[in-house]
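All of the numbers you see were taken from the coordinates with simple rules; none came from a lab. These figures come from a predicted structure and were not determined experimentally. Here the Cβ is made from the backbone with ideal geometry for all residues, glycine too, and neighbour counts use every protein chain on show.
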Amino acid sequence: MTGSGRPSCGPGHRPQLCPVDAVVAECGRVEQRRRLLPARVVVYFVLAMCLFSGQGYEEVARLLTCGLQEERRWEGTWRVPSTAAIGRARLRLGPEPLKALFARVCRPVATEATAGAWYRGRRLVSVDGTTFDLPDTDANDAFLRPSGILAGPATGRVSAGEDDGSVECGTHAVFAAEVGPLSVHETVLARRLFGRLTAGMLLLADRGFAGFDLWRAAAASGADLLWRVKNSSVLPVVEALGDGSYLSQIVAARDKNRRADPITVRVIEYTLGDNTDGTVYRLITTIVDPQAAPAAELAAPHTQRWEIETTLDEIKTHQGGPGLVLRSQHPAGAEQEIFAFLLVHHAPRELMHQAAHQAGRDPDRISFTRTLRIVRRHVIGQAALSPLPTRPGRGPGSA
């Protein structure tokens with residue numbers, strides 16, 4: 001780096017309090033010699049790259065440094081690096097600092113007053129998977145599809161988890177994620193997220209996740225579960241309950257005795273009011289007491305599971321742009337980029353929650369696209385997007 005130029009994390013020039021500096025140090029990326037692109041600057045660059053998706057490397061660097069210079073947060077002089085230099089700097093950085101930054105700052109944000117975020121004192125969260133398209137390079141192909149049979153762009157899978165393990169339904173805040181190739185099933189990735197679930201949550205999932213081992217792993221977190229299951233699932237009536245639901249048992253497919261190690265669940269069956277095809281929806285839950293959660297009520301919060309689909313669309317279509325293909329030529333860069341996209345998405349979502357709280361409105365009534373445009377305009381004049389750690393929103397049932 002020419003001169004003594006370095007961006008500060010904010011007013012007061014106290015980098016020891018900055019999450020970016022902290023994760024760079026924790027991950028062992030602090031340089032022993034001066035560089036044009038030190039690790040902390042590369043972290044800001046990768047975030048800016050995922051905010052200004054579609055812009056070239058050098059243009060992103062210009063947007064980033066113009067804001068720093070205008071706000072007088074850059075000391076000394078600095079020249080915009082070449083695309084090749086930026087690519088090498090990203091490889092040196094690796095995905096670890098962005099993953100650590102995500103874990104540090106991306107948390108549920110709903111408070112007790114947040115509309116649509118709670119059901120009877122339980123924070124509504126959802127788990128699901130999606131895919132990101134990657135450039136068709138030899139490195140990506142070798143990692144993502146070693147058989148080499150498929151044609152077209154390689155595809156990596158990211159499974160978004162919740163409270164410290166998924167998507168918070170009421171705010172669309174992604175607060176846990178795992179990344180892997182398509183050869184790793186999304187249920188395997190989901191299991192890695194369950195360590196971030198806590199008591200006081202209600203985890204929603206679709207029928208693709210229903211399974212004995214995954215259910216047991218998720219329930220061990222202390223969170224309550226409300227998952228849809230296939231109508232073909234064998235759920236014998238053990239005890240009929242007054243609200244129309246019933247207690248049943250699920251067993252592992254490998255359980256030859258079929259009852260050697262059962263788990264008791266409560267089953268709720270319902271149809272939609274405009275049902276024309278006779279579809280019956282079946283839910284199973286860990287909440288076995290009908291008085292704690294009547295069957296007629298539980299169908300409604302489960303529909304909030306679809307908020308995760310909206311969240312993924314915000315990230316991939318509105319933030320990333322239609323037909324998004326990640327820039328990264330290497331798997332490590334793709335993982336770095338995905339976590340940066342999630343970090344950048346969390347920042348406007350938290351701003352939207354704050355604005356909705358002040359106005360006494362539901363966060364869903366605020367446009368994500370419009371908020372993203374405002375953030376992009378202001379970031380150019382206010383320096384790099386630096387997500388700050390926030391205290392998780394406390395609400396009913398919080399520890």
Item to check | Approximate spin-label separation Thr369-Arg92, in nm, with each point projected 7 Å along Cα-to-Cβ | outcome: 4.0 nm
Checklist entry - How much length, in nm to one decimal, is gained on full extension between Ala25 and Arg361, taken as 0.36 nm per residue of separation minus their Cα-Cα distance? => result 117.0 nm
Checklist entry - What residues qualify as long-range amide H neighbours of Trp118, i.e. H under 5 Å apart, gap of 5 or more or another chain, H built at 1.01 Å from N? => result Leu124
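Once fully extended, how much extra length lies between Arg376 and Val288, figured as 0.36 nm per residue of separation less the alpha-carbon to alpha-carbon distance? Intermediate values should be presented prior to the final figure.
Working: separation 88, 0.36 × 88 = 31.68 nm, distance 4.70 nm.
Net length gain for the segment: 27.0 nm.
In nm, what is the difference between 0.36 nm times the number of residues separating Val234 and Thr131 and their Cα-Cα distance? Don't skip to the answer; put the middle values down first.
On the way: separation 103, 0.36 × 103 = 37.08 nm, distance 3.09 nm.
Net length gain for the segment: 34.0 nm.
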Item to check | 10 Å beta-carbon shell around Ser328, net charge (K/R +1, D/E -1) | outcome: 0
Checklist outcome for this item: For the Gln354, Leu324 Cβ pair and Förster radius 35 Å, calculated FRET efficiency rounded to 0.05 is 0.80
